[in-house]
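**Student:** Have a look at this one before I ask anything.
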Amino acid sequence: MNLIIVESPTKARTLSRFLGKDYSLEATYGHIKDLPKSTLGVDVEHNFKPEHVVVEKREKEIKRLREQATKADKIYLATDPDREGEAIAKHVEEVIRGQEPEVNKKTKSKLKPLSSNLLIRRIVFHEITKEALEEAIEHPRSVDKNLVNAQIARRVLDRLVGYKLSPLLWKKVRRGLSAGRVQTVTVRLIVEREREIAAFKQEEYWEIYCNLKTQISKLKTEEFIVKLIKFDDKRAEIKNKKEAGIVVFDLEKSDYKIADVIKKEIRKNPYPPFTTSTMAQAAARLYHWSSKKTMSVAQSLYEQGLITYHRTDSTYLAQTAVDKVRKFIEKEYGGQYLPDKARFYKVRSKVAQEAHEAIRPTNIGMTNDKFQMTNGRFVSDAKVLYGLIWKKFVACQMVDSIFDETVINVQAKTTPEVKDLPTSRVYVLRASGQVMKFDGWRKVIPLSKYEEPGLPMVGKDEALDLVKVLSEQKFTEPPPRYNEASLIKTLEKLGIGRPSTYAPTISTIQVRQYVEKDEGKFKPTPVGLTVNDFLIGNFESIFDYQFTAQMEDDLDNVAKGNRKWQEMMGEFYSPFEKKLESVEKKAKRVEIPVEKLGKKCPKCKDGELVVRVGRFGKFVSCSRFPDCDYKEKYLEKIGMKCPDCKKGDVIVKTTKRRRKFYGCSSYPTCKWASWNKPEIKGATEKDKEIKKKTLSKLYAPCND
Ligand SMILES: [Zn+2]
Ligand SMILES: [Zn+2]
């Protein structure tokens, strides 16, 4: 009998479809051994030896694995193809062979003898398909110690940082706080951005547009909008209303003609196939999914055998997959959509992990309309994500899309008969547009509907009539807060974290309430700010971006067998330990600022009312808490009346899953609610329309 062991029951079920009667399957349900929950579990005196104990609730699985193992001649460890999977494989082998007495005691299972010629082998595949499985069974190996060591090193490193820093935070800031190595650096990014925004000085500037008219036939005219870009050969920089007024006055008294029309052809490459990072970014941008959600949907697709492994930073594609998609493109769309040669994508990250592939569908014939999942719970989400992955992969092997770009430069000169003009400048205004003439890969990922207005056919020196001059006051904007997509992008760019860590990191810092999402964007909470300042102030070198990236590189080197993990740990730990001691002694206690309401507590009549942040959002309590337990609902107003009933105030509320939304203070009488902050009326609809037409970009957010 052959026994195949995987970590998830869904994966086991998918594999069982390809296997004959001489195979049986078992699932570990994740890690079976890990560091202990309540103690450090790392012997720092003895080369950082980790103490792995049986994970609570996994005793049953271990017992079953052992029973099944006694019936087997061959055992294949088929856990996921990465460091975590490798570590699980190692632990499974250990418990089957019954190597540790403490595990035996804990699981209370008497070891039955294993078959004397039992073989335990590790197999690895990146997609759960029959071919991949057969291929893997033909090339089994033993558990890779280096990969396991890299997993141990990450676990131990994070454990040391978390376990040593938390008590310090309890003592110096507030009980219950915790710190993490990568999490802290991620919070730091968000805090620093918030401070950049706060320090930003906005500057006024003005943009000027002309609505012009051209005679396209005897009876017909066509209007188009040009933007002022130059006057007297200098870039048009208009700082204030007065300057804008002068220009508008000039332009209203000017003659207009076409200075030149420039046409050129532009080719656009498709984007590379998805990695974990680009997939999470696309789902965040297009569907506002959190990376946690994207990863969980991807996990189900992978486990059902529909896509390749979803934790990867590689854009590499297997030759067989490329051959198949090329055939598909030719058959489905025609030869003109197929490039002469297959496209290859450079692997972007410095060290792509463990020779993974990009994320792609396992069966290109499984188009979205044929898509069905055996597990029906999240069919629609799964279908959405599968569709993205499928399109991205097909498009990445198609020909360029081709555009005709037209740039029209218009010259405006004040009419000679008008006297007493403040200036007599020559203005250059511009309109540009692109028209797609061959769709190429855009056949599969169409341009969004947001296309630029077409430009009229005009010739050099042609005279134009002015319809209207439009001026618009603007202000320079601070860098935007991070959203899910830009945060992952930045983490990847800085080399902080890896495909397996983006989603858990971003989720953890929200669960710990160091940051919160405001209209889909991250901002630090008062607790987050305080903890950040304390940690960065005292452990700057540990939570340095470059240092964190270096640690990730070191872990990669451990995985490749180029570095001893204990050595890496030693280099990290001794300076860290020294620092810990001195901070423990020297650092002063810090206070988390609370918002004061300026009212006395109605209960004890002594304390002051303050706003605190709890698990379900903000609430009002007494400053003497825990001595006084006065608690009240907090209504966070945004200074606006309800757009529906016009009586209540718009207030900030939080869902059970801690997502922020806006509601009416007269709830439940008025049911008005919105995810987005209601806009304050100001700009007229027409202004908005003109602006949209003029400034709309042809290139929709492109990673779609
Ligand atoms: Zn009180
Ligand atoms: Zn209302």
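**Student:** Using Cα atoms only, what is the angle between the long axis of helix 526-539 and the major principal axis of the chain, expressed in degrees (0 to 90) to the nearest 10?
**Tutor:** 70 degrees
**Student:** I'd like the antiparallel share, as a percent to the nearest 5, of DSSP beta bridges with both residues in the chain.
**Tutor:** Percent antiparallel among DSSP bridges in the chain is about 85.
**Student:** Quick check: convex hull over the Cα atoms of region 595-674, volume per residue in Å³, rounded to an integer?
**Tutor:** Enclosed volume per residue, from the Cα hull, is 105 Å³.
**Student:** Relative to the longest principal Cα axis of the chain, at what angle does helix 276-287 sit, 0 to 90 degrees, rounded to 10?
**Tutor:** Roughly 50 degrees, rounded to the nearest 10.
**Student:** Return the subset of Lys57/Lys90; Lys63/Lys112; Lys523/Lys588 for which the Cα-Cα distance in this structure is over 21 Å, preserving the input order.
**Tutor:** Pairs exceeding the cut-off: Lys523/Lys588.
**Student:** Which pairs break 23 Å Cα to Cα here: Lys171/Lys633; Lys263/Lys437; Lys600/Lys631; Lys489/Lys637?
**Tutor:** From Lys171/Lys633; Lys263/Lys437; Lys600/Lys631; Lys489/Lys637, over 23 Å: Lys171/Lys633; Lys489/Lys637.
**Student:** What aspartates and glutamates does Lys460 reach when the alpha-carbon gap must be under 14 Å and sequence neighbours fewer than 8 apart in one chain are set aside?
**Tutor:** Once the sequence-local aspartates and glutamates are set aside, what remains near Lys460 is Asp260.
**Student:** Hey, another quick one. From the cross-link list Lys201/Lys618; Lys74/Lys130; Lys383/Lys671; Lys596/Lys671, which pairs have alpha carbons spaced over 21 Å apart?
**Tutor:** Cα-Cα > 21 Å for Lys201/Lys618; Lys383/Lys671; Lys596/Lys671; rest within.
**Student:** Could you give each residue of region 261-274 its phi-based ³J(HN,Hα) in whole Hz, using Karplus coefficients 6.51, -1.76, 1.60 with θ = phi - 60°, and x for Gly or Pro?
**Tutor:** For region 261-274, the Karplus curve yields 10, 10, 10, 8, 9, 10, 10, 10, 6, x, 8, x, x, 5 Hz.
**Student:** Could you compute the FRET efficiency for Cys645 and His46, with r as their C-beta to C-beta distance and R0 at 60 Å, rounded to 0.05?
**Tutor:** For Cys645 and His46, the calculated efficiency is 0.30.
**Student:** If I model a spin label as a point 7 Å beyond the Cα along the Cα-Cβ vector, how far apart are those points for Lys171 and Lys578 in nm?
**Tutor:** My value for the distance between the label points is 1.9 nm.
**Student:** Moving on to the next point. Over region 595-674, what relative contact order in percent results from Cα pairs under 8 Å that are six or more residues apart?
**Tutor:** 18 percent
**Student:** Using Cα pairs closer than 8 Å and at least 6 residues apart in sequence, work out the relative contact order for the chain, in percent.
**Tutor:** The value is 15 percent.
**Student:** Would you please classify the overall shape of the chain from the alpha carbon gyration tensor, given that a ≥ b ≥ c denote the square roots of the eigenvalues, rounded means a/c under 1.5, and beyond that prolate means a/b larger than b/c while oblate covers the rest?
**Tutor:** Oblate, because a/c is 1.5 or more while a/b does not exceed b/c.
**Student:** Report, in degrees rounded to the nearest 10, the 0 to 90 angle that the Cα long axis of helix 484-494 makes with the longest principal axis of the chain.
**Tutor:** The angle comes out at about 70 degrees.
**Student:** Let me have the relative contact order for region 276-395, percent, based on Cα pairs under 8 Å that are six or more residues apart.
**Tutor:** 31 percent
Computed from the coordinates by the stated procedures, all read-outs in this text should not be read as laboratory data. Small disclaimer: the values here were computed from a predicted structure and weren't measured. In this analysis, Cβ positions are derived from the backbone assuming ideal geometry, glycine residues included, and neighbour counts consider all displayed protein chains.
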